[in-house]
Amino acid sequence: MIGGVHTPPVKGQRKVRPEASLTDSNTGAGEAGLPEDITDHRLRASFANILNKRGVPLPTIQKLMRHSKVETTMIYIETREDETRQAINRVG
């Protein structure tokens with residue numbers, strides 16, 4: 001756990017058991033104010049996107065998510081069309 005946020009195991013460590021899932025029905029997603037159908041992938045994507053929107057550098061997000069390749073981290077990060085236009089406008 002990093003800063004109260006669950007992160008997957010470091011390479012070489014045991015993987016998280018399915019029964020230890022973040023969204024395990026026994027953890028009560030609804031009680032935590034989360035949609036009952038929330039998935040681990042969606043939670044991880046939200047985590048990555050929040051960090052990205054707050055200006056955390058991509059290599060740092062990659063490290064927090066314990067990805068060996070930045071390309072894997074990019075799968076989780078969503079880029080909105082307006083953000084893409086703003087980036088293009090900064091260049092030209």
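The values are calculated or read from the model by the stated rules, or taken from the named source; none is laboratory data. Everything quoted here is computed from the prediction, not taken from an experiment. Counting neighbours? That spans all protein chains shown, and the Cβs are built from the backbone with ideal geometry, glycine included.
Brief remarks follow.
- Looking across the stretch 47-81, the residues that are outside any helix (DSSP H, G or I), touching a residue at least 12 places away in the same chain (Cβ under 8 Å) and over 21 Å from LEU34 (Cβ atoms) come down to ARG66, SER68.
- Residues that are touching a helix residue (DSSP H, G or I) at 6+ places or on another chain (Cβ under 9 Å) and in a loop (DSSP other than H, G, I, E, B) were ranked within the stretch 8-34; the one that is modelled with the highest pLDDT is LEU34.
- Taken over the stretch 29-48, the criterion of being closer than 9 Å to TYR76 by Cα and hydroxyl-bearing (Ser, Thr, Tyr) is satisfied by SER46 alone.
- Scanning the stretch 66-83 for residues that are under 10 Å from the mean Cα position of the chain (by Cα) and exposed (fewer than 12 other Cβ atoms within 10 Å of the Cβ) yields nothing.
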